[in-house]
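Written out below as structure tokens is the structure these notes cover.
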Amino acid sequence: MGDLMDNIMALQTAFQQVSHLAKGPGATKLIVLKPLLEKSSSDLKKKFDQILQILQPSERQKKKRKMLSQRLKWPFQKADVEQIIQLLERHKSELTFAMNSDQM
């Protein structure tokens, strides 16, 4: 879980920096970054919505969890976490590449 949170935080920081650049005075020169930023934002919003849906239990699930709190289990398998981390890394790399391309 630590790797997942670390990657989410790193990507959040990258998005904040990129967003700041995209709103800055040189924003018109960012021809590679802007479309990628929109696509990445859309892709990540979908993935985060899926993760949130899994992590937010329904009322029925809340009652079950309350009764069975000792048996609670992390809802993701190792492969799921690795897939999410790969997605986050890919978007972070794409953003970095786009930022470097636009700085040339």
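So which residues in the stretch 80-102 are out of contact with any helix residue (DSSP H, G or I) (no Cβ under 7 Å at 6 or more places or on another chain) and of a type in the set (A, V, I, L, M, F, W, C), if there are any at all?
F97
Name the residues in the stretch 94-104 that are open to solvent by 30 Å² or more (accessible area, probe 1.4 Å) and not aliphatic (A, V, I, L, M), would you?
E94, T96, F97, N100, S101, Q103
Could you pull out every one of the helices (runs of 4 or more DSSP H) wholly within the stretch 1-93 that has 2 or more residues that are open to solvent by 80 Å² or more (accessible area, probe 1.4 Å) and among the acidic types (D, E)? Spell out the reasoning first.
Numbers: elements: 2-22, 33-55, 59-67.
Correct list: 2-22.
The values are calculated or read from the model by the stated rules, or taken from the named source; none is laboratory data. Predicted, not measured: the structure shown is a model, and the values here were computed from it. So basically every Cβ, Gly included, is an ideal-geometry build from the backbone, and we count neighbours across all protein chains shown. What goes into the accessible areas is simple: the full protein's heavy atoms, side chains included, and nothing from ligands, DNA or RNA. Shrake-Rupley method; radii C 1.70, N 1.55, O 1.52, S 1.80 Å.
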